[in-house]
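Below is one structure; the comments refer to it alone.
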Amino acid sequence: VKLIRHQIIYHLLDDVRSAMASLLPPIETEVLQGSARVLQLFPFGKEIIAGCTIDEGLFLRSQAANIKYVLERKGKSIWSGHIKTLKHLKKDITQAQKGMECGIVLDGLDSNLIQLNDTIKCIKITQTAQQI
């Protein structure tokens, strides 16, 4: 039990509100960072390299928890996860911008799942604290 002394009642109410808000889970907001279209598929061992062009935004090669990638076909989500590799002309790159062509390997994706003209979206997840 936390004991707090205040001379002014509204300071106490503000502290109670902030303590209650800290117990609530944060609100997650998804923001589209970029979108790529699969133009060609290249088998490479057990993996499939998706030859893509970046249609809009920016793609980041990141394993961070706040960035996820979604594979979509005809507007329906098929897979969600992270990028294993991101390459441009056989060189590893950390980001790809609009208009670039790149090779993308999606981490843990079944090789039969991806097809031509699928869309890969880069989504950044932001968390904000709830207010009472």
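Near Ile78, the amide H atoms lying under 5 Å from its own belong to Leu71, Glu72, Arg73; only residues 5 or more places off or on other chains count, and H is placed 1.01 Å from N.
With all protein chains in place and ligands, DNA and RNA left out, the 1.4 Å accessible area ranks Lys68, Lys87 as Lys87, Lys68, largest first. A 1.4 Å probe run over the protein chains yields, for the stretch 1-87, 71 Å² of accessible area per residue, whole-number rounding. A Förster radius of 41 Å, combined with the Cβ-Cβ distance separating Leu39 from Tyr10, puts the computed FRET efficiency at roughly 0.10.
Highest GNM mean-square fluctuation among Leu12, Leu32, Leu116, for the chain modelled with Cα contacts below 10 Å: Leu12. Taking a ≥ b ≥ c as the square roots of the eigenvalues of the Cα gyration tensor of the stretch 87-132, is the shape rounded (a/c under 1.5), prolate (a/b larger than b/c) or oblate? Verdict is prolate for the stretch 87-132. The value of relative contact order for the stretch 16-132, using C-alpha pairs under 8 Å at least six residues apart, is 40 percent.
Which entries of Lys68/Lys124; Lys74/Lys98; Lys46/Lys84; Lys74/Lys124; Lys90/Lys124; Lys68/Lys90 show an alpha-carbon separation above 18 angstrom in the structure shown?
Lys74/Lys98; Lys74/Lys124; Lys90/Lys124; Lys68/Lys90
Straightening the chain between Thr94 and Glu72 buys 5.7 nm, computed as 0.36 nm per residue apart minus the Cα-Cα spacing. Take the Cβ atoms of Arg17 and Ala65, set R0 to 35 Å, and the FRET efficiency comes out at 0.80.
Listed by chain and number, the aspartates and glutamates placed with their C-alpha closer than 17 angstrom to that of Lys87 are Glu47, Asp55, Glu101, Asp107; residues fewer than eight positions away on the same chain are left out.
If R0 is 22 Å, the Cβ-Cβ spacing of Glu30 and Ser111 corresponds to a FRET efficiency of close to 0.25. Amide H contacts of Ile67 (H built 1.01 Å from N, in plane; Pro and chain starts excluded): Ile125 sit under 5 Å, all sequence-distant by 5 or more or on other chains. For the chain, the longest principal axis of the alpha carbon atoms and the long axis of helix 9-23 meet at an angle near 30°. Centre-to-centre, using Cα atoms only, the stretch 45-59 and the stretch 86-132 are separated by 7 Å.
I need the shape label for the stretch 1-128. Rule: rounded when a/c is under 1.5, else prolate if a/b > b/c, else oblate, with a, b, c from the alpha carbon gyration tensor. Intermediate values should be presented prior to the final figure.
Numbers: a/c = 3.39, a/b = 3.13, b/c = 1.08.
Cα axes put the stretch 1-128 in the prolate bin.
Converting phi to 3J(HN,Hα) with the Karplus coefficients 6.51, -1.76 and 1.60 and the offset θ = phi - 60°, the stretch 81-88 yields x, 10, 8, 7, 9, 9, 10, 9 Hz in sequence order, with x at every glycine or proline.
The values are calculated or read from the model by the stated rules, or taken from the named source; none is laboratory data. All of these numbers come straight from a predicted model, not from anything done at the bench. Here Cβ is always computed from backbone atoms with ideal geometry, including for glycine, and neighbour counts include all displayed protein chains. Each accessible area value is taken on the protein alone, full model and side chains, heavy atoms only, with ligands, DNA and RNA left out. Shrake-Rupley method; radii C 1.70, N 1.55, O 1.52, S 1.80 Å.
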